[in-house]
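S.K.: First the structure, then my questions, so here it is.
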Amino acid sequence: MSYMRNTAISANNKYRECSIMGKSVSMDLVRGGRPRRKKENATRPVQKNLNVRKAQQWFRLSAIANFNEGDYTAEFTFAPEFKPESVEECEKEIANLIKRINRARKKKNLPKMKYMGVIEGKTTDSLHFHLLLDNLLNRDEIDELWSKGRGKNKKSIGFTKIDKIKNQYGVDGVVVKANYMTKEFKLENQKGKRKWFASRNLKKPVVERSQNWKYTDSKITKLLASDELEQQLEIDNPGWELIEFPRKNPDTQKDELVKIDIRENEYLGLMIYYRMRRRE
C-alpha cells in the first residue's frame, strides 16, 4: 500500500497551507532512532537557490502571521536627484529609513518596527520598494521620515503611498498584498539577486508534523473520481474550512480561484495543494 505525504504550514493558528504529495513514503516516523519533533519552525529559504513557490509561500505565511487589516502597506519611490545607482544603494536607503523610524518609535516608547519588504524595478532608473509594516506610527509620521537633511535643507527623497490594509472583495488584504509583492520572485531567482527583506522580530510560520498515514494513492484516486475530496478534507480537519486561492490555470494560463490545486509531476506523481482557515 502506497501512502502519501500530507503536510501543513500554519500561520497564527488561524490559517494553514497544505499539500498531499504523490510520492510514496515510509510509514516509519523515526529518524536515527529518535522521533521527529511534533512542530518545528519553518526556516527562511536560501535565496540563491530558492524554490520560487516555497519562497512565495514563506513570504505569504510570514505576512499572515505578523500583520492584520489595519496595518500598513507602503510604496516608496525616489526623486531623480536621489535615485540609487544600484540595488545595494537602494538597500542602504531602506536601512536608513528603518533606523529613522525606529528612533522615532523609541522616543514614544514603542518597540522596533515589524516589517517585510521587497525591492522592485527591472532597471536602476525604476528602483522602488514596498513594505508591509505595523501601524504604531501614523502615516504622516512615516511619510515625513522619507527625507534627507534638516530644517530649511530638508528634502523629500521621493513619493510615498501608505495605505491601511483592507479586505478586498472578500479576500484577506494581507494575502492580496503578499501575492502582489512576490510577483517578481521568479525573475529575481533567475538573476540570483535577493531583493526582499524582513525584520528579525517576526513570528515564523510553523511546519506541522507530516501525516504520512492518512491518505493512500488509491483513496485519493477514489475521492477525486467521486468528486468528494473537498468534503473529505474538511471532515479530516475539524474546525477548519477550505478557502479559495488564486492560481494560474495550467491549460489556459489564465488566473482563477480554486479551493484545490491538483498538479502532475513526472517524478513525484500527483500533487494536491489546498488552503484552510479556522472556522469562526
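Readers should treat all values here as calculations from the given coordinates under stated rules, not as data from a laboratory. Owing to the predicted nature of the structure, the values given are computational and were not obtained by experimental measurement. Ideal geometry is used to build each Cβ from the backbone, glycine not excepted, and the neighbour counts take in all protein chains shown.
S.K.: When the Kirkwood radius is taken over all Cα pairs of the stretch 143-253, what Stokes-Einstein diffusion coefficient follows at 20 °C and 1.002 mPa s, in µm²/s?
M.R.: 108 µm²/s
S.K.: Further question on the same structure: Rounded to whole Å, give me the distance from the Cα center of the stretch 61-112 to that of the stretch 229-272.
M.R.: Spelled out, the Cα-based centre of one part sits 35 Å from the other.
S.K.: Go through 201-209, 232-240 and give me the packing order, highest mean Cβ count within 10 Å leading.
M.R.: In descending order of packing, they fall as 201-209, 232-240.
S.K.: With an 8 Å cut-off on Cα pairs and a minimum separation of 6 or more residues, tell me the relative contact order of the chain in percent.
M.R.: 31 percent
S.K.: A further question follows. Counting Lys and Arg as +1 and Asp and Glu as -1, each charge on the Cβ, what is the dipole of the chain about the Cα centre in debye, to the nearest 20?
M.R.: 1600 debye
S.K.: Let me have the relative contact order for the stretch 66-198, percent, based on Cα pairs under 8 Å that are six or more residues apart.
M.R.: Once normalised by length, the contact order is 37 percent.
S.K.: Moving on to the next point. With a cap of 14 neighbouring Cβ atoms within 10 Å, and only residues DSSP puts in a loop, list the GluC sites (Glu not before Pro) found in the stretch 68-130.
M.R.: For GluC sites (Glu not before Pro) across the stretch 68-130 that sit outside H, G, I, E and B with at most 14 neighbouring Cβ atoms in 10 Å, the list reads E85.
S.K.: Among [x] 21.1; [y] 19.4; [z] 20.6, which one is Kirkwood radius over Cα pairs in Å computed from these coordinates?
M.R.: The calculated read-out lines up with [x].
S.K.: Across the stretch 11-21, in residue order, what do the Karplus-derived ³J(HN,Hα) couplings come to in whole Hz, using 6.51 cos²θ - 1.76 cosθ + 1.60 with θ = phi - 60° and x for Gly and Pro?
M.R.: So the J values, rounded to whole Hz, are 10, 6, 6, 10, 8, 8, 10, 10, 8, 10, 9.
S.K.: Let me ask something else about it. Using +1 at the Cβ of each Lys and Arg and -1 at the Cβ of each Asp and Glu in the stretch 66-198, identify which of L132, F67, P111 lies farthest towards the dipole's positive end.
M.R.: Sorting the options by dipole projection puts first P111.
S.K.: In the structure shown, do any of K92/K154; K14/K254; K183/K254; K114/K248 have a Cα-Cα gap over 24 Å, and if so which?
M.R.: Violating the 24 Å limit, Cα to Cα: K14/K254; K114/K248.
S.K.: At each listed q (0.18 Å⁻¹), what is the log10 of I(q)/I(0) that the Debye formula gives for the stretch 47-204 modelled as equal alpha-carbon point scatterers?
M.R.: Each listed q maps to, in turn, -1.18.
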